[in-house]
Amino acid sequence: MLNYFLRRLGRAVVTIIGISILVFIAARLSGDPTLHMLPEDASAAEVAALRAELGLDQAYWIQYLRYAMHALQGDFGISLRYGEPALPLVLQVVPATLQLALSAFVLAKVAGIALGVVAALNRGTWLDRGLRGGAILADSAPPFWIGMMLILFFSIQLQWLPSSGRLSLESMILPMLAIAIGSIATTLRLTRSSMLETLSADYVKFLRSRGISRRTIVWKHALRNAAIPVVALLGIQLGYLLAGTVIIETVFNWPGVGRLMVEALASRDFPVIQAGALFVSVVTVLLNLAVDMLFGIIDPRIRYE
């Protein structure tokens with residue numbers, strides 16, 4: 001078990017380093033931040049002086065090594081836009097992002113598993129076909145489009161729910177749905193296929209022959225085994241939901257990490273871009289590491305393989 005954990009941990013560290021390099025390079029390829037910090041009539045000498053002050057005149061590998069050394073100490077630099085340390089700016093809006101992502105995650109798991117079981121138990125019926133068709137449509141629609149349609153229908157047409165901000169629990173409903181719908185569809189399809197496979201197993205037939213009720217077989221015995229593939233998807237989906245908030249927070253003007261990073265991208269605020277992207281990446285990688293460990297506990301065969 002220790003070797004299994006160390007291998008997964010080593011891969012997680014390599015992944016985080018690779019992501020930090022890609023984010024560092026991509027941020028610098030987006031443009032020169034000094035153009036946003038100086039007036040339009042600034043001279044070439046003023047631009048060069050500011051670039052030297054920010055260390056942007058050095059080679060990329062030198063800039064990255066300096067960034068990495070400081071990042072290991074929790075220092076991601078000073079925001080070029082706000083003039084404050086970048087990491088505290090990101091951590092300040094993390095609760096809003098976690099509130100949105102975790103709410104969508106719980107909704108996706110509960111609704112997806114329940115609907116998947118319903119589809120499996122009604123295999124071949126109009127209900128099963130309807131759920132599968134809806135899941136395919138929901139899975140193929142981009143979250144930002146879903147968000148705009150929700151705003152158009154529930155906020156503009158019906159005027160039931162607010163379209164932006166974080167003023168009340170009601171304002172969280174639409175962005176939560178926009179993020180969760182795709183994950184509900186994925187969970188539904190995976191639960192249905194896994195449940196159908198489990199219900200055809202020999203031990204389920206044996207339980208039926210013993211006269212055990214269908215409800216007990218489904219919810220107490222079959223669902224436990226059918227949930228193994230769903231558990232394997234937990235870390236990936238939660239990471240996807242965290243990353244998905246980047247666009248949704250902008251659509252709904254939700255004050256989280258995603259909206260902060262979009263604003264930082266617009267102003268070429270490298271420290272905030274790097275701090276925000278690395279935070280989301282580290283959380284996602286650690287979640288997948290935790291799920292790997294949980295999966296290894298659930299199914300001991302994985303540890304030995």
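Here are a few things to note about the model shown:
- Proxy reagent accessibility, fewest Cβ within 10 Å first, across Thr216, Thr198: Thr216, Thr198
- Check: the range 71-159 dipole with +1 on Lys, Arg Cβ and -1 on Asp, Glu Cβ, in debye: 360 debye
- Sorted fewest first by neighbouring Cβ atoms within 10 angstrom, Phe252, Phe154 come out as Phe154, Phe252.
- Among Leu137, Leu100, Leu260, the largest mean-square fluctuation in a Gaussian network model of the chain, built with springs joining Cα atoms closer than 10 Å, belongs to Leu137.
- Only helices reaching 27 angstrom along their own axis (Cα) with mean Kyte-Doolittle hydropathy no lower than 1.6 count here, and for the DSSP H runs of the chain these are 86-121, 270-298.
- For the range 56-99, the fraction of C-alpha pairs more than 17 angstrom apart is 46%.
- For the chain, size of Cβ-based charge dipole, Lys and Arg +1, Asp and Glu -1, in debye: 2100 debye
- Gaussian network model of the chain, Cα within-10 Å springs - most flexible of Leu265, Leu80, Leu72: Leu72
- Relative to the globular-protein estimate of 2.2 N^0.38 Å, the Cα radius of gyration of the chain stands at 1.23.
- Most mobile listed residue (Ala52, Ala290, Ala44) in the chain, GNM with C-alpha springs under 10 Å: Ala44
- Ranking Ser30, Leu115, Leu54 by Cα position along the charge dipole of the chain, where only Lys, Arg, Asp and Glu carry charges on their C-beta atoms, puts Leu115 farthest toward the positive end.
- The mean sequence distance of close C-alpha pairs (under 8 Å, at least 6 residues apart), as a share of the length of the chain, puts its relative contact order at 28 percent.
- Computed from point charges on the beta carbon alone (+1 for Lys and Arg, -1 for Asp and Glu), the dipole magnitude for the range 111-232 about its Cα centre is near 620 Debye.
Readers should treat all values here as calculations from the given coordinates under stated rules, not as data from a laboratory. These numbers were taken from a predicted model, which means no experiment stands behind them. No Cβ is skipped: glycine too gets one built from the backbone with ideal geometry, and neighbour counts run over all protein chains shown.
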